[in-house]
Amino acid sequence: MNIAIIGTGYVGLPSGIGFAKLGHNVTCVDINKSKIHSLQNGILPIYENNIEQLFLEVVNENLTFTTSYSCINEADIVILAVGTPQSNNSEKADLKYIFEAINEICKNLRDKNKYFILATKSTVPVGTGDKIEQIVHKINPNIEVVSLPEFLREGYALEDFYNPDRVIIGSNSDKASKAIKELYSHIDSDKILITTRKSAELIKYASNSFLAMKIHFINEIADFCEKSGANIGDVALGIGLDSRIGNKFLNVGPGFGGSCFPKDTLAMLGMAKELGVGVSLIETTIKGNNDRFKKIANNIKDMLKDIDNPKIGILGLAFKNGTDDCRQSPAIEIIKEFIKNYQNINVYDPRAINNAKGILNDNVNYTNSIYECANECDLLVILTEWDEFKDIDFLKLKDCIKVKKIYDTRNIINFNEAKKYGFDVINIGVKN
Ligand code: UDX
């Protein structure tokens, strides 16, 4: 098939690479000229596990990049994968990029009777597909507007592309649903659900809200463990063995972040208010998660309260492992909470330093390794669950850190190994 993908971000680009690898002809469109120029020259603007090699195999072969929307005239399917960030002044998603893209599609469409599918992968409020349809059908009534929500996890985008738990198709057109099923012919048909556009739009928000709630739930249980003396590691394992709960998304941490959970839970709140319905569990999750950033920051301040002019080492800036993305990163939000009080903060992240610099500027010292970050520190704090931090060389660390104290907010380091080298490790969800 000929596919045009509008947007070359964390969803559009991996999807374009995936479809091209499957043999489709893919043209990715973006208004960002420098991004398109980099991509045309084989340079990736984002980091994703295993993306580089696949990208180089298809770029400028059956995967091309352009700033022009004219490619939609040859497309069988046009996929909208532009950002829908949270609005500045409300909980709702900002749809300006969606409607700018729709406007460009209408402007560039030459054959006003051409049949093609317009599939929205971007996360959009329930009912947006109807609004898109009203606009495009004024130009061409033969455009089939479909909801095709994306469930890729950053850092695992290609893994989730090739092996998704499900493909949700929101359409009441058999022809369109059939064409999308063909696009996903690499997926077992029992993993493909065809439903209405509005249900497909809500499935996306409800999924992310439930996962965010699950994370907040286990973080609150961790707080309970810290006071009661139970062990969160065993409690999470124990409840996860119940197949109705499942063992995923029960990893404790400093709270959830990223470009999706925070904005999607807020958008659910905004939509619910407009509909006059309550989403109290989601509302509590949002508040509780934001409070957790403050709680972790206060714990750090408390650990340093008796030290004059303390030096802190922070391991992890990305919102999670496997990505360079710092948008709504718990690590960044926590650093912001205490950056005013401390001038001596070293930070290290395997991938996200460049993105973090755009947020933290020169308020912290950027370092190039765990050990450089820990050098002469009174406290080392782990905020992102990078695999590199799971294998810290404690013998090497002992020689550079001033105080052997580690606050591991992801419970990822080997506690007993660290103790062997005399480290005082403070975990989440155990009575320290
Ligand atoms: C999420 C959804 O998982 C994905 O299906 C959707 O398409 C986009 O939003 P993503 O935002 O990339 O994906 O990250 P995810 O892996 O879900 O993690 C989100 C946040 O939760 C991160 O800050 C992560 O560190 C945190 N997290 C995740 C936990 O704290 N504990 C967990 O067990 C899992």
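The values are calculated or read from the model by the stated rules, or taken from the named source; none is laboratory data. Remember, predicted model here, so these are calculated numbers, not experimental data. Positions of Cβ are generated from backbone atoms using ideal geometry, with glycine treated the same way; all protein chains shown enter the neighbour counts. When the accessible area is computed, the model is the full protein with side chains, heavy atoms only, and any ligands, DNA or RNA have been set aside. Shrake-Rupley method; radii C 1.70, N 1.55, O 1.52, S 1.80 Å.
What whole-number value in Å² describes the accessible area per residue of the range 2-195 for a 1.4 Å probe?
Values: 8480 Å² over 194 residues.
Each residue of the range 2-195 exposes 44 Å² on average to a 1.4 Å probe.
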Chain lengthening between residue 369 and residue 431 when straightened (0.36 nm per residue, less Cα-Cα)
19.3 nm
Full extension between residue 339 and residue 361 adds, at 0.36 nm per residue less the Cα distance, a length in nm of 6.8 nm
Nearest-0.05 FRET efficiency for residue 159 and residue 191, computed from C-beta distance (R0 22 Å):
0.90
The Rg/Rh figure for the range 16-130, Cα atoms and Kirkwood Rh, to two decimals is 0.98
Give me the distance between the Cα centres of the range 1-37 and the range 399-432, rounded to whole Å.
44
Among bridges DSSP assigns within the chain, what percent are antiparallel (round to 5)?
5
For the chain, built as a Gaussian network whose Cα springs stay under 10 Å, the top-fluctuating residue of 384, 284, 128:
284
In square nanometres, what is the average projected area of the Cα convex hull of the range 2-195?
10.5
FRET E, pair residue 414, residue 41, Förster distance 45 Å, beta-carbon r, rounded to 0.05
0.60
Would you work out the charge dipole size for the range 296-404 about its Cα centre, treating the Cβ of every Lys and Arg as +1 and the Cβ of every Asp and Glu as -1, and quote it to the nearest 20 debye?
180
Residues other than residue 116 with Cβ under 13 Å of its Cβ, Lys/Arg counted +1 and Asp/Glu -1, net out at 0
Leaving ligands, DNA and RNA out of it, report the carbon-plus-sulfur percent of the accessible area of the chain at a 1.4 Å probe.
48
Which distance in nm do the two modelled labels at residue 244 and residue 210 give, with both placed 7 Å along the Cα-to-Cβ direction?
1.4
Would you be so kind as to identify all helices of the chain, as entire DSSP H runs, whose Cα atoms reach 20 Å or more along the helix's own axis and whose mean Kyte-Doolittle hydropathy is at least 0.0?
261-275
Name the residue from 266, 13, 215 whose Cα lies farthest towards the positive end of the charge dipole of the chain, charges +1 on Cβ of Lys and Arg and -1 on Cβ of Asp and Glu.
266
At 0.36 nm per residue, minus the direct Cα-Cα distance, what do residue 224 and residue 301 gain on full extension? Give it in nm, one decimal, please.
25.6 nm
Can you give the alpha-carbon Rg of the range 231-432 over 2.2 N^0.38 Å, where N counts its residues?
1.07
Keeping all protein chains in the complex and leaving out DNA, RNA and ligands, what accessible area do you get for residue 345 with a 1.4 Å probe, in Å² to the nearest 10?
0
The orientation-averaged projected area of the Cα convex hull of the range 89-169, in nm², is 6.9
Amide H partners (placed H, <5 Å) of residue 407, local residues excluded:
380, 381, 382, 426
Run the numbers on the chain and let me know its relative contact order in percent, using alpha-carbon pairs under 8 Å that are six or more apart.
12
State the Cα centre-to-centre distance between the range 144-211 and the range 274-324 in whole Å.
32
Between residue 32 and residue 172, how many nm apart are label points set 7 Å from Cα along the C-beta direction?
3.7
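What is the sum of charges around residue 334, taking Lys and Arg as +1, Asp and Glu as -1, for the other residues whose C-beta is under 10 Å from the C-beta of residue 334?
Taking every Cβ under 10 Å from that of residue 334, the sum is +2.
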Distance in nm between label sites at residue 99 and residue 280, each 7 Å beyond Cα in the beta-carbon direction?
3.5
